[in-house]
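Q: I have a structure I would like to understand better, so I am pasting it below and will then ask my questions one at a time.
The values are calculated or read from the model by the stated rules, or taken from the named source; none is laboratory data. Note that the structure is predicted; figures quoted are calculated from it, not measured. Positions of Cβ are generated from backbone atoms using ideal geometry, with glycine treated the same way; all protein chains shown enter the neighbour counts.
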Amino acid sequence: MSRALREPADGDVLAVCIGWSVFAPVGLKYPLLLGATLWGLWQLRQQNAFGRVWSEPAARWALAFWAWSALTALWSAGPWQDALAQIGLYSLLLSVSLIGFALPAQWAQRTLQHFSIAAGVVGSICLLKSWEFLPAPDAWLWMSTVTAEGNQRIVTSLLLAVGCTLALREAWLSWQSGTVRWATLGWCAVACAAALGLASQDRRTGMVTLPVLLLLLSAGMMRARHTSRTKIWTTALAAVACCVALGAASPDVRDRFAEGLGELARYDTTGEVATSWGMRLRMVEQSVQMASESRIAGHGLGSWVTLWTQRVPKDSLLAQQRTPHSEFLLVAVQTGLIGTILFVATLWTQATRGLRMNQGSMVPASLLVWGALAWAGLFNVVLRDAKFALPLLMLAALAWSVAGSEGRDDERGAAAPSGSR
């Protein structure tokens, strides 16, 4: 453990910086994640602990997926620059275990808490903007969150959903402890602020991800030991009420979903496509066809754009698309069935690692973070696009560290005599 993180004051400052930087521009998050990875490598070397890293199934599957993806670049149908860029982006998957093993668990937990608080603040600012109360709406301060455009705006929506559920997790843990009831109310307030901010914006990704994360959170709470039926039913009803209330309070998002369904109803399988969901459907059709042409090994990393431009009119809006807007489709086309199996195995082992390490007393943060990444990956490129990958993988590294601590705490609690608890 580095000396900087041994000192509580310094550790708290760093936790604040990293927790809040998840909402910062990409230019700041790149050196942050890479610097943390190098620091993790140095720490593991100092402790001679590399064997511990690769003894983890989640780390081995991530390494296997990255290695196979890099190998497919040898027969890629696309330019080598695109293949090299994706090798670099996919290598960020390896940083999760390297950072997670080196981080002190208590510090990682505090950092996740600061991220949740940051999500509550960003959600409050989104709400102010929707009410037209936002001071200096064109200021650079809001450019990576509230007034962001394109994929960065979608990422903010997704991070608000993750922050909301992590705050509810904190509320659950404080409620279970029964010692700091004001903390339960505080974390509920943070979760509500993030959720209301999510409902006030017009991106669909966060809105369709939040119910999934609430379902995972509720399932985790229900499997926890020593949980009364009252708490179980209260939790389930609160999750349902939250989703219903957000849907009722979000006319912008309802309009966007209605617009998307209308686009699908008017979709022409052979004609020109100029609508958002229509283009997504066309990309699904064409990507499935591409994948079927090279089922086992794929067309190679960085090949999707080349294959796509061969299939669509050069002067159409479709030709401007650079990804299939789905990580799963991208992996299937470029790395084939082998890469898809390795990718799914990576997601599964990462998401369930926390469940394997504890016996039910905690709701693992890793399940929520990787659940969000996997679900959003159905309709976004969450690893191919650094705007998604950098914040989500940093949160995943923090959750990795926390899971190790919770697993050890759970084992000690299970071994302790009943009178000592």
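Q: Can you tell me which residue among Trp131, Trp80, Trp75 is of a type in the set (Phe, Trp, Tyr) and either within 24 Å of the chain's Cα centre (by Cα) or within 28 Å of Leu160 (Cβ to Cβ) (or both)?
A: Only one candidate passes the filter, namely Trp131.
Q: I'd like to verify a number: residues in region 172-209 that are surrounded by 21 or more Cβ atoms within 10 Å (Cβ to Cβ), more than 16 Å from His114 (Cβ to Cβ) and of a type in the set (A, V, I, L, M), how many?
A: So the answer is 5.
Q: Output yes when any residue across region 111-125 is hydrophobic (A, V, I, L, M, F, W, C) and assigned to a loop (DSSP other than H, G, I, E, B), and no when none is.
A: The answer is no, given that none of the residues of region 111-125 is hydrophobic (A, V, I, L, M, F, W, C) and assigned to a loop (DSSP other than H, G, I, E, B).
Listed here are the residues, each with its yes/no results for (1) at pLDDT below 95; (2) farther than 13 Å from Ala108 by Cα; (3) among the hydroxyl-bearing types (Ser, Thr, Tyr).
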site: Trp370; (1), (2), (3): no, yes, no
site: Ser401; (1), (2), (3): yes, no, yes
site: Ser405; (1), (2), (3): yes, no, yes
site: Asp410; (1), (2), (3): yes, yes, no
site: Ala415; (1), (2), (3): yes, yes, no
site: Ser420; (1), (2), (3): yes, yes, yes
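Q: Kindly list, by first and then second residue, each pair from a residue in region 193-212 that is touching a residue at least 12 places away in the same chain (Cβ under 8 Å) to a residue that is of a type in the set (Gly, Ala, Ser) and surrounded by fewer than 20 Cβ atoms within 10 Å (Cβ to Cβ), limited to pairs with Cβ atoms under 7 Å and residues at least 6 apart or on different chains.
A: Within 7 Å, the pairs are Ala193/Ser124; Gly197/Ser124; Ala199/Ala249; Ser200/Ser130.
Q: Let me ask something additional. List the helices (runs of 4 or more DSSP H) that sit entirely inside region 149-254 and contain at least 2 residues that are touching a Phe, Trp or Tyr at 6+ places or on another chain (Cβ under 7 Å) and either closer than 16 Å to Leu373 by Cα or at pLDDT below 70 (or both).
A: Answer list for region 149-254: 150-177, 204-222.
Q: Considering only region 79-97, I want to know if a residue exists there that is farther than 26 Å from Val333 by Cβ and either at pLDDT 90 or above or not hydroxyl-bearing (Ser, Thr, Tyr) (or both).
A: So far as region 79-97 goes, yes, one or more of its residues are farther than 26 Å from Val333 by Cβ and either at pLDDT 90 or above or not hydroxyl-bearing (Ser, Thr, Tyr) (or both).
Q: Restricting attention to region 80-131, report how many residues are more than 29 Å from Asp12 (Cα to Cα) and among the aromatic types (Phe, Trp, Tyr).
A: The number of residues fulfilling the criteria is 3.
Q: A further question follows. Going by what's in this entry, would Thr306 be described as more than 22 Å from the chain's Cα centre (by Cα) and closer than 18 Å to Leu84 by Cα?
A: yes
Q: Now for a separate question. Would you point out the residue of region 291-332, among those that are farther than 24 Å from Ala376 by Cα and polar (S, T, N, Q), that is modelled with the lowest pLDDT?
A: Residue satisfying both the conditions and the ranking: Ser316.
Q: Identify all residues within region 292-329 that are surrounded by fewer than 23 Cβ atoms within 10 Å (Cβ to Cβ) and assigned to a helix (DSSP H, G or I); write none if there are none.
A: Passing the criteria: Ser292, Glu293, Val305, Thr306, Leu307, Trp308, Thr309, Leu317, Leu318, Ala319, Gln320, Phe328.
Q: Name the single residue that is farthest from Leu281 (Cα to Cα) among those in region 361-389 being assigned to a loop (DSSP other than H, G, I, E, B) and not hydrophobic (A, V, I, L, M, F, W, C).
A: Among those that are assigned to a loop (DSSP other than H, G, I, E, B) and not hydrophobic (A, V, I, L, M, F, W, C), it is Ser361.
Q: Another question about this same structure. Identify all residues within region 333-359 that are assigned to a helix (DSSP H, G or I), over 19 Å from the mean Cα position of the chain (by Cα) and either at pLDDT 95 or above or crowded, with 18+ Cβ neighbours inside 10 Å (or both); write none if there are none.
A: Val333, Gln334, Thr335, Gly336, Leu337, Ile338, Gly339, Ile341, Met357 - these are the residues of region 333-359 that are assigned to a helix (DSSP H, G or I), over 19 Å from the mean Cα position of the chain (by Cα) and either at pLDDT 95 or above or crowded, with 18+ Cβ neighbours inside 10 Å (or both).
Q: Pick out the one residue from Ala118, Ala64, Ala70, Ala85 that is touching a residue at least 40 places away in the same chain (Cβ under 8 Å), within 29 Å of Thr145 (Cα to Cα) and touching a helix residue (DSSP H, G or I) at 6+ places or on another chain (Cβ under 9 Å).
A: So the residue among Ala118, Ala64, Ala70, Ala85 that is touching a residue at least 40 places away in the same chain (Cβ under 8 Å), within 29 Å of Thr145 (Cα to Cα) and touching a helix residue (DSSP H, G or I) at 6+ places or on another chain (Cβ under 9 Å) is Ala118.
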